[in-house]
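The structure appears right after this line, and notes come after that.
The values are calculated or read from the model by the stated rules, or taken from the named source; none is laboratory data. None of the values given here were measured: they were computed from a predicted structure. Note that we place each Cβ from the backbone using ideal geometry, even for glycine, and neighbour counts take in every protein chain shown. We work out accessible area using only protein heavy atoms, side chains counted, and drop any ligands, DNA or RNA first. Shrake-Rupley method; radii C 1.70, N 1.55, O 1.52, S 1.80 Å.
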Amino acid sequence: MTDTSVFKDVDLHCDTNNAAHHTSDVSEKVLLVRRGQPFTITVTLDEPFKNAAQPLFIRVNIGEGATEEMGTLSLISVPDGVSRSPKAKAVWKVELDRKSSPYTGVLVLNITPPADAPIGQFYLTAKYGDAEKVLAEPTVLYNPWCPEDAVYMRDEKERQEYVMNEHGKVYRGSTDYIMPMDWDFGQFEENMVDVCLSLLRVSNEHQENQAQDLANRADPGYVGRLISAMINSEGDYGVVEGRWGGSFSDGRYPSHWTGSSALLTQWLNSGFQPVKYGQCWVFAAVMCSVMRFLGIPCRVITNFNSAHDTNANLTIDVFTAERGAMTVDTTDSVWNFHVWVEGYMKRPDLGEDGKYDGWQVLDPTPQELSDNSFRCGPASKVAILNGISNVDYDIPFVYAEVNADINVWLSKVDYSLEKVETNNTHVGKNISTKAVGTDLRDDITGTYKYREGSFLERRTFVRALILNYEMLRKQREEERRERESGNMASSAMVRTAETEEGGEAIIRPAAERTAMDGGTAEMSPAPPSMARSGTLALDAVATARPEEPAEDIPPPPRVDLKFEEVTKPMNGKDVEMNLVLSSASTTDRPLFVILEANTMTYIGLRTKQIMRKATSETLKPGLPLVIPVKIPFSDYSKPMRDSDSLKISALVMDQVNSHHPYMKECNVVLQDPPLSVTLKGEARVNQPTTVELVFENPVKETLKNCTVTISGSGLERGEYETPLKDIRPNIRIRVRVIIIPYKVGRKTLTVDFDCSVFRDIKSSCTIDVKP
């Protein structure tokens, strides 16, 4: 056994070290330090320190097989006299503080991890004479306060927002109905040390090559890419399992979650079994929590009218059906919204000039394969903005999400397809994140794309097309050579649609769509033959049965369509809209109008058709034609429990000249009935505090299976759920809940109310917890 008797005591000063390293909110008992910044430990020997005559050697390593050349091993000493490898990377430093008393054996050591050290749990083993002792096992994190660190962020207000703030906003809804939702990131909960170290340890990269994975953790881009894969459960021990349709009875509906801590804790305590279930905003918010804990500045981003381009051609083909015609299915789609994260870091892999440094898109939602894993990014926003689609990672996919052109096709009864329009302004609207220092929404669309319709925007679109085409051409040439050599391998950048194994129909956002020919949607995977919908559209046009040539008659003046609200759409009330038609025509225009309403998921899956009607109308010259649209609550109530919005569509055709159809869609997101949350009295740490919830049933039926779930970092450990009695029509209930805050400071309590009619109504209140 190693003799440790000479080492009398070791004081890690966790409280002061962690405070200096901005980690005391996590723990004052576990040593958590940041790169490029010294921390102090005091070593007491049972004999005088002989300095140069007998140096104190310290071996710093992370994991087995550590080497100086990989930056996972560092040899230091007091006084400095260690012989190091000339190729040593990430060299640590140690200095003897002036507060030391060598004659009494008290050594105050200032130890500095380099700004390019790998992150994770290190072991500091001291040797003095023949004695050895593990002095400390610090967890090293990235340091946005250190100018030499790759995640350095200059502005302190931004550091406080993107690293230290445990409360955030996640935006959902649609471009016309943006709904903010409170999210509790909880990155400073005490178990986050175990959560995040475990997440890195069980990753595929670590299992395949532990030594290389540990060395690669010096790069926040590598770690961000790894976390992007590990947040979803596809192909690894990831945290959250996604589901976009079907039954959620064996887990939680994705809209239930209000914070990351409960999900991450469940994953850790279950032995790394995936938590059921999540959708894009859950994946993104959980990833933001992990990134902020590790020290990478991170924020949650919502893109409205977000394109999902499965065949990497930067265009989306959308099909609608004429009366009696069959709809052409497609794996391309436009989601009401999609949520990802941005991480702030340098990108030396893309050049030493720093051209692509700064915010990087990372997306943990399992959509398409990247390097044979369901992950996305880091994709430089500078590259996205300027259409540089041939640099790592996944730029074409993200560029299409915010800037794809949409081709709209009409499927006709004679099996032909008619192109209705090309829309190059619909995708990528109101790209949103929480503003720094406030709960307001910050529109950052201009950081992803130049102004719609401008010369710069169109020029970058053409550049992205050309560079993407050249990249794909080179990849296909490489694949051809590999096939010829008999050693075909999957290209790192090829994106393939996910297919579902087994008999259960589970909807994946990458490859599933619903029929649009009436009735309830059948949720099943799209067939492999539909894997390239953009090409399908063009092929279909080329092979469609030709129509008889039309007479050379100039087209009539365009009919403009728009939907207007009559009342604010509210869940529990009838939805009332007007379809308004107008034209510059100087004669009567007989029109055929088809109106349709469907309940929809946010990724474009129809759950049920709740209205379809056709009517003949006449548009008078100089006068708008107003067509009322009313959808009773009784018609949408049940299907909306499993849906996110109402899509109201209008197809208008001129009865004289049917070659010029006009289309308009409106995605309506219903506002939930109000739920109030109020603190009663003053909140003090470790003292019972009362919170009152008030809710009134606004519908003419009894609400059953009512539950309330409360959560909030520093206020409630985990989630607290309580059942409520049935709520009769027009009855107001008051519920008082006792919480015991366990951290001082400004905290946010989040409440979720669920029942037989309304799914997961959210509310929150801010609580200042005093000592």
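Just a few scattered comments:
- Odd one out for Phe272, checked against (1) open to solvent by less than 10 Å² (accessible area, probe 1.4 Å); (2) farther than 18 Å from Phe337 by Cβ: (1)
- Ala229 touching an Asp or Glu at 6+ places or on another chain (Cβ under 8 Å), touching a residue at least 24 places away in the same chain (Cβ under 8 Å), open to solvent by 10 Å² or more (accessible area, probe 1.4 Å) and of a type in the set (A, V, I, L, M): no
- Meets criteria (touching a helix residue (DSSP H, G or I) at 6+ places or on another chain (Cβ under 8 Å), outside any loop (DSSP other than H, G, I, E, B) and closer than 30 Å to Lys770 by Cα) for Thr709: yes
- Filtered by the rule that a residue be among the aliphatic types (A, V, I, L, M) and touching a Gly at 6+ places or on another chain (Cβ under 8 Å), the range 191-232 gives Met192, Leu197, Leu200, Ala211, Leu214, Ala215, Ala218, Ala229, Met230, Ile231.
- Of the set (1) aliphatic (A, V, I, L, M); (2) closer than 30 Å to Gln160 by Cβ; (3) in contact with a Lys or Arg (Cβ under 8 Å, 6 or more places away or on another chain), all apply to Leu45 but (2).
- Arg98 vs. criteria free of Cβ contacts under 8 Å to residues at least 12 places away in the same chain and out of contact with any Phe, Trp or Tyr (no Cβ under 6 Å at 6 or more places or on another chain): yes
- A count restricted to the range 231-247 and to residues that are within 18 Å of Thr601 (Cα to Cα), modelled with pLDDT of 95 or more and assigned to a loop (DSSP other than H, G, I, E, B) stands at 1.
- Taking the criterion of being touching a residue at least 40 places away in the same chain (Cβ under 8 Å), open to solvent by 10 Å² or more (accessible area, probe 1.4 Å) and in a strand (DSSP E or B), the residues of the range 601-626 that qualify are Thr607, Lys608, Gln609, Arg612, Ala614, Leu625, Val626.
- Filter result (touching a His at 6+ places or on another chain (Cβ under 9 Å) and either surrounded by fewer than 24 Cβ atoms within 10 Å (Cβ to Cβ) or farther than 22 Å from Gln475 by Cβ (or both)) within the range 358-383: Thr365, Glu368
- Within the range 261-285, the only residue that satisfies the criterion of being touching a strand residue (DSSP E or B) at 6+ places or on another chain (Cβ under 8 Å), of a type in the set (Ser, Thr, Tyr) and not in a helix (DSSP H, G or I) is Tyr277.
- Restricting the range 102-122 to residues that are under 36 Å from the mean Cα position of the chain (by Cα) and in a strand (DSSP E or B), the residue that is farthest from Val202 (Cα to Cα) is Thr112.
- Restricted to the range 71-124, and to residues there that are polar (S, T, N, Q) and within 20 Å of Asn51 (Cβ to Cβ), the residue that is least open to solvent (accessible area, probe 1.4 Å) is Ser77.
- Candidate set from the range 1-14 (those that are over 17 Å from Glu137 (Cβ atoms) and open to solvent by 30 Å² or more (accessible area, probe 1.4 Å)); member that is modelled with the highest pLDDT: Lys8
- In the set (1) within 26 Å of the chain's Cα centre (by Cα); (2) free of Cβ contacts under 8 Å to residues at least 40 places away in the same chain; (3) part of a helix (DSSP H, G or I), Arg451 fails one condition alone, (3).
- Test: residue in the range 752-765 that is under 27 Å from Asp439 (Cβ atoms) and without any contact (Cβ under 8 Å) to a residue 40 or more places away in the chain: no
- Ala90 fulfils the conditions (1) in a loop (DSSP other than H, G, I, E, B); (2) under 36 Å from the mean Cα position of the chain (by Cα); (3) at negative phi except for a single criterion, (3).
- Some residue of the range 324-347 being acidic (Asp, Glu) and assigned to a strand (DSSP E or B): yes
- Some residue of the range 28-50 being in a helix (DSSP H, G or I), in contact (Cβ under 8 Å) with a residue 12 or more places away in the chain and more than 19 Å from Asp116 (Cβ to Cβ): no
- Flag for Val286 being crowded, with 20+ Cβ neighbours inside 10 Å, under 30 Å from Ser763 (Cβ atoms) and β-branched (Val, Ile, Thr): yes
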